[in-house]
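Encoded as structure tokens, the structure appears first; notes follow it.
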């Protein structure tokens, strides 16, 4: 594969323009959100959740759009009828049956998690609100509501619930982590970093917080801190896919492509996804021919990965356009 030469002075993060769109609040529309998802969740998403029973956190999927009313986001997820999902999805059906006519906070959380996995966010909200009515002081419900608004694309609406969750359970690493994520999304990186530090004070083995801090440091242009945080996360949990992918982004930002390739391959569910993720990073650095090679390799390994073929064609078109511009 044709890798570009490493950049001089690894702190010059030329990948940053592609990773963010104007400011930190829009980071979820950047490079990390374009990586291939694994079968068990978003392996390349910037913000891994605290491990829970809700495997489909969806973090990082939607760009922040803080001023938009909730109704406009609800409409996006009503195309699939809830009645059809209840029949076709065994997990949702089981959760609904378990809730029964007299649901508990716990059973309502299971139903909400099932709807969230299916990205039916309006139903998720409805069941979390029912749980909140049963116990307004349940920190887990407040935290789940905060994460729902973030995943729905309106993190600012989740801030109040995140603060309530922390007030109700100040020693909860999960609640502190959620608040940190939302603060970062709304453009408060200093406040977010303080909350991540609080997570580590409560749980020194919180690899997810270290990985989150790695990504935040990369977005802030601090390559050395980003590298250290990602390496610390992997020292705690060598199999943590999100940290591997974040470390791949760090190496890509520094032009260390052999190292980036190694981490993307280690953090992906299979070799095809790893090559695809490497291609995305190369494309962000305008290394179009090397990106095309990576996408070709992904498509060869997994022919059904149509996105890889599309991206390879895109990379070659961009390479041709760049060559034409350079010849003028």
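Only one of 175, 160, 167 is surrounded by 22 or more Cβ atoms within 10 Å (Cβ to Cβ), outside any loop (DSSP other than H, G, I, E, B) and either at pLDDT 95 or above or on the phi < 0 side of the Ramachandran plot (or both). Can you tell me which? None of the other options fit; the residue is 175. Across region 95-118, the qualifying residues are those that are more than 16 Å from residue 141 (Cα to Cα) and out of contact with any helix residue (DSSP H, G or I) (no Cβ under 8 Å at 6 or more places or on another chain), and the one among them that is surrounded by the most Cβ atoms within 10 Å (Cβ to Cβ) is 97.
Candidates 273, 297, 291: the one that is assigned to a helix (DSSP H, G or I), farther than 19 Å from residue 218 by Cβ, in contact (Cβ under 8 Å) with a residue 40 or more places away in the chain and in contact with a helix residue (DSSP H, G or I) (Cβ under 6 Å, 6 or more places away or on another chain) is 297. With respect to the conditions (1) assigned to a helix (DSSP H, G or I); (2) closer than 29 Å to residue 127 by Cα, residue 198 falls short on a single one, namely (2). Within the option set 235, 162, 260, being without any contact (Cβ under 8 Å) to a residue 60 or more places away in the chain, in contact with a helix residue (DSSP H, G or I) (Cβ under 6 Å, 6 or more places away or on another chain) and more than 25 Å from residue 144 (Cα to Cα) holds for one residue only, 260.
The values are calculated or read from the model by the stated rules, or taken from the named source; none is laboratory data. Keep in mind the model is a prediction, meaning the values are calculated, not measured. Note: ideal-geometry Cβ built from the backbone for every residue, glycine included; neighbour counts use all protein chains shown.
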